[in-house]
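A.B. asks: One structure follows; several queries about it will come next.
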Amino acid sequence: MMPLWVNKLLLALYVVTIASCIIVVLRENRNPIRSLAWVIALIFLPFVGLIFYLFFGRSFRGQRMLTRHSKRKLIMGMAPRHVDLKTQPLDAGERSLVKLARQLSTSLYTVNNSIKIFTVGADKFKALKEDLANATGSIYLQYYIFNDDHIGHEIAEILKRKARLGLDVKVIYDHIGSFSAKNSFWRDMQEAGVDTHPFFRVNFPHFANRVNWRNHRKLVIIDNSIGYIGGMNIADRYDSGPEEGAPWRDTHFRLEGDIVESLLFSFIVDWNFLKQPHPIDGIPRLTPTKLRNSTGMQLVTSGPFGEWDNLALVYLKAISLARKSIYIQTPYFLPTDALMNALEAAALSKIDVRIMIPRHGDSRMLQYASFSYVTQCLRAGIKVYLYNPGMLHAKGMIIDENLVTAGSTNFDFRSFENNFECNVLIYDRDINRQMRDIFFRDMNQCTKLSYTTWHRRPIPQRAWESIVRLVSPIL
């Protein structure tokens, strides 16, 4: 049994720690409801509240991934083709969205681009493997999940072969997302000359301040001329499906043109942020594209560092621009209050708002959290569809007839506030039409919910939805 003075000392240290955390929460001037929730947890949940705060409650807003000098140096190394927005087929609202994205994440507006859309993993991986096999100079690859399963070994073998031939091959993988891959998997690539590094390696003493901040981006840049971006990770379930059920339905893009430079810029920022012994100094020059068109694109990145929730603000702006329709696909629908209000306002003003989520998700808790918003949506006139064939992992939004955004960003708190994400904004009527056609094709495999039938769901399910929603901001 410890002496009384030791107990008093430990109690005093705990009280000081709790008080310090509460002061930090109050000084951050966050959303009052969330701040109050953390204060209550710290006071009334001894030890548990403190642990949860250390893991999930701290904010890194205002910190920078690179110094201003380093970022300016990289930007000066880019060779963007100057685009006069007044000459582009954009309305006033779309031009204001372009300016917002540029201000938030140094997102340059580019033209002279081409895009190929993949909705089936097998098609995406076939094209990716062909492009990797044809690479002659460099391969930069970044994924949240890089599994050491069948498709993972196929990709790794190509990377190792190219590295042995002298190509510059670099891989960033998220340490938590790719945790199941064996150490020997990465060691074999490194021994072959592939430069692999985990993003935010989670270990002591950095466990608490890293476990909640994940790099969710999926980027590939090949020979500085071909890019890939979207929602598909490197794992068999995106290619051949899980052990039971169909392959995951997802969306991924293959890009060529001036937009590839923006993907390259994002990768270099992340690579140099890792403080590697061999940072990439400057932006490698792109092979001049022969494309000549007005297909406008911007890459928008977002993360827990920086001053703003970049993608949340971009989504909010895009929704506010809608005049006819808003179509959303997302595996997890946990919107911020601002985004929920924006969707409600759009639906109540007779804009066609449709949201598609999976009937059976990969996480029961996240599924209940998403379902907790359905009643609110239906009351406002938002049409909600449950995708039946399998897991819907696609992440995208289609606005009216000219705007599309898709990439790694889920429509949830974690993507908007805690993860490192990237989406491409596409200003093009033809791409918009293709994405709408895909959306309506998926609708044919969905169940459309009605308020009457949804209201009859079992009481235990409703109870679980309400309980899980309380913790939805940290899911």
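A.B. asks: Scanning the stretch 366-424 for residues that are part of a loop (DSSP other than H, G, I, E, B) and of a type in the set (D, E, K, R), which turns out most open to solvent (accessible area, probe 1.4 Å)?
C.D. replies: Here the answer is Glu401.
A.B. asks: What do you reckon, is Leu313 modelled with pLDDT of 90 or more, open to solvent by 10 Å² or more (accessible area, probe 1.4 Å) and not basic (Lys, Arg)?
C.D. replies: For Leu313, the condition - modelled with pLDDT of 90 or more, open to solvent by 10 Å² or more (accessible area, probe 1.4 Å) and not basic (Lys, Arg) - is met.
A.B. asks: Are any of the residues in the stretch 91-101 assigned to a helix (DSSP H, G or I), closer than 18 Å to Phe265 by Cβ and open to solvent by less than 40 Å² (accessible area, probe 1.4 Å)?
C.D. replies: There is at least one residue in the stretch 91-101 that is assigned to a helix (DSSP H, G or I), closer than 18 Å to Phe265 by Cβ and open to solvent by less than 40 Å² (accessible area, probe 1.4 Å).
A.B. asks: If you go through the stretch 279-291, how many residues are at pLDDT below 75 and on the phi < 0 side of the Ramachandran plot?
C.D. replies: Summing the residues that are at pLDDT below 75 and on the phi < 0 side of the Ramachandran plot in the stretch 279-291 gives 5.
A.B. asks: From the list Leu403, Leu366, Leu339, which residue is within 23 Å of Trp248 (Cα to Cα), within 22 Å of the chain's Cα centre (by Cα) and touching a residue at least 40 places away in the same chain (Cβ under 8 Å)?
C.D. replies: Unique residue meeting the criteria: Leu366.
A.B. asks: Identify all residues within the stretch 340-362 that are touching a helix residue (DSSP H, G or I) at 6+ places or on another chain (Cβ under 6 Å) and farther than 20 Å from Gly396 by Cβ; write none if there are none.
C.D. replies: Hits for the stretch 340-362 are Glu344, Leu348.
A.B. asks: While we're on this one: Out of the residues in the stretch 85-102 meeting the condition of being charged (D, E, K, R) and at pLDDT 90 or above, tell me which one is farthest from the chain's Cα centre (by Cα).
C.D. replies: Checking each candidate, the answer is Asp91.
A.B. asks: I'd like the residue in the stretch 122-154 that is of a type in the set (A, V, I, L, M) and either touching a Pro at 6+ places or on another chain (Cβ under 9 Å) or open to solvent by 20 Å² or more (accessible area, probe 1.4 Å) (or both) and, out of all such residues, is modelled with the lowest pLDDT.
C.D. replies: Ala122
A.B. asks: Would you check which residues across the stretch 233-289 are open to solvent by less than 30 Å² (accessible area, probe 1.4 Å) and among the basic types (Lys, Arg) and list them?
C.D. replies: Arg249
A.B. asks: If you don't mind, there's one more thing I want to ask. Considering only residues of the stretch 103-113 that are at pLDDT 90 or above and either assigned to a helix (DSSP H, G or I) or surrounded by fewer than 15 Cβ atoms within 10 Å (Cβ to Cβ) (or both), which is nearest to the chain's Cα centre (by Cα)?
C.D. replies: Leu104
A.B. asks: I would also like to ask the following. I'd like to check something: does the stretch 155-174 contain any residue that is crowded, with 16+ Cβ neighbours inside 10 Å, modelled with pLDDT under 95 and of a type in the set (Val, Ile, Thr)?
C.D. replies: No, the stretch 155-174 contains no residue that is crowded, with 16+ Cβ neighbours inside 10 Å, modelled with pLDDT under 95 and of a type in the set (Val, Ile, Thr).
A.B. asks: If you take the residues of the stretch 431-456 that are of a type in the set (D, E, K, R) and in contact (Cβ under 8 Å) with a residue 24 or more places away in the chain, which of them is least open to solvent (accessible area, probe 1.4 Å)?
C.D. replies: In this case the residue turns out to be Asp442.
The values are calculated or read from the model by the stated rules, or taken from the named source; none is laboratory data. These numbers were taken from a predicted model, which means no experiment stands behind them. No Cβ is skipped: glycine too gets one built from the backbone with ideal geometry, and neighbour counts run over all protein chains shown. For the accessible areas, the whole protein counts, side chains as well, though only heavy atoms, and no ligand, DNA or RNA atoms are used. Shrake-Rupley method; radii C 1.70, N 1.55, O 1.52, S 1.80 Å.
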